[in-house]
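Trainee: The structure follows.
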Amino acid sequence: MEVREVHYLQHVFPFERSPGDLFEGRLLLDDALRELLVRLVGAERENSCLDEHGERLPGKRLFALSPWSCPGPSGPVKLLCRFLDLRDGRVLFSTPDSYLEGGLFDWMRNIGRRDQAERGDAPNPARDRGPGSS
């Protein structure tokens with residue numbers, strides 16, 4: 001497997017990419033890098049991928065806010081971390097080319113709204129956002 005690097009802000013992490021089309025593999029974490037990554041991820045703002053209404057941000061905004069990137073032929077390529085296991089370093093990223101705007105998430109959410117309407121249970125944004133939301 002090919003060992004590359006991915007960046008979390010200015011921090012460099014060795015990355016062993018798995019074969020295939022997806023940008024997935026394993027961060028090669030020693031104890032010091034694991035501890036650093038735990039601190040970095042722990043300091044992330046909760047729900048940073050959502051707007052003030054609890055809706056997912058558009059793809060361009062998600063990538064702009066992401067702390068992850070990798071070197072590319074024309075400069076850094078922003079990455080979205082879709083899955084990260086801090087125990088063994090397994091990770092899955094989306095790239096701007098592999099990210100599907102909307103996609104399955106929006107379809108599933110719309111199916112849920114349709115089902116609510118059919119039951120006569122119209123969406124209530126105050127209720128549906130959950131506790132602690134304003």
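Trainee: Evaluate region 17-26: report whether one residue or more is surrounded by fewer than 14 Cβ atoms within 10 Å (Cβ to Cβ), in a strand (DSSP E or B), of a type in the set (D, E) and at pLDDT 85 or above.
Mentor: No - not one qualifying residue is present in region 17-26.
Trainee: Looking at the structure I just gave you, is E52 out of contact with any helix residue (DSSP H, G or I) (no Cβ under 6 Å at 6 or more places or on another chain), at pLDDT below 90, assigned to a loop (DSSP other than H, G, I, E, B) and exposed (fewer than 13 other Cβ atoms within 10 Å of the Cβ)?
Mentor: Yes, satisfied.
Trainee: Applying the selection to region 73-89, what residues are basic (K, R) and either loosely packed, with under 10 Cβ neighbours inside 10 Å or under 14 Å from V41 (Cβ atoms) (or both)?
Mentor: R82, R87
Trainee: Among the residues of region 27-47, which ones are in a loop (DSSP other than H, G, I, E, B) and either surrounded by 11 or more Cβ atoms within 10 Å (Cβ to Cβ) or not small (G, A, S) (or both)?
Mentor: Of everything in region 27-47, those that are in a loop (DSSP other than H, G, I, E, B) and either surrounded by 11 or more Cβ atoms within 10 Å (Cβ to Cβ) or not small (G, A, S) (or both) turn out to be L28, L29, D30, E44, R45, E46, N47.
Trainee: Would you check if there is a residue in region 68-84 being touching a residue at least 24 places away in the same chain (Cβ under 8 Å) and not in a strand (DSSP E or B)?
Mentor: Scanning region 68-84, I find no residue that is touching a residue at least 24 places away in the same chain (Cβ under 8 Å) and not in a strand (DSSP E or B), so the answer is no.
Trainee: Could you tell me how many of the residues in region 56-67 are surrounded by 12 or more Cβ atoms within 10 Å (Cβ to Cβ) and free of Cβ contacts under 8 Å to residues at least 40 places away in the same chain?
Mentor: 7
Trainee: Same structure, new question: Identify the single condition in (1) in contact (Cβ under 8 Å) with a residue 60 or more places away in the chain; (2) surrounded by 14 or more Cβ atoms within 10 Å (Cβ to Cβ); (3) of a type outside the set (S, T, N, Q) that E5 does not satisfy, given that it satisfies every other one.
Mentor: For E5, the failing item is (2).
The values are calculated or read from the model by the stated rules, or taken from the named source; none is laboratory data. Just so it is clear, the structure is predicted and the values come from calculations on it, not from any experiment. We place every Cβ from the backbone using ideal geometry, glycine too, and count neighbours over all the protein chains shown.
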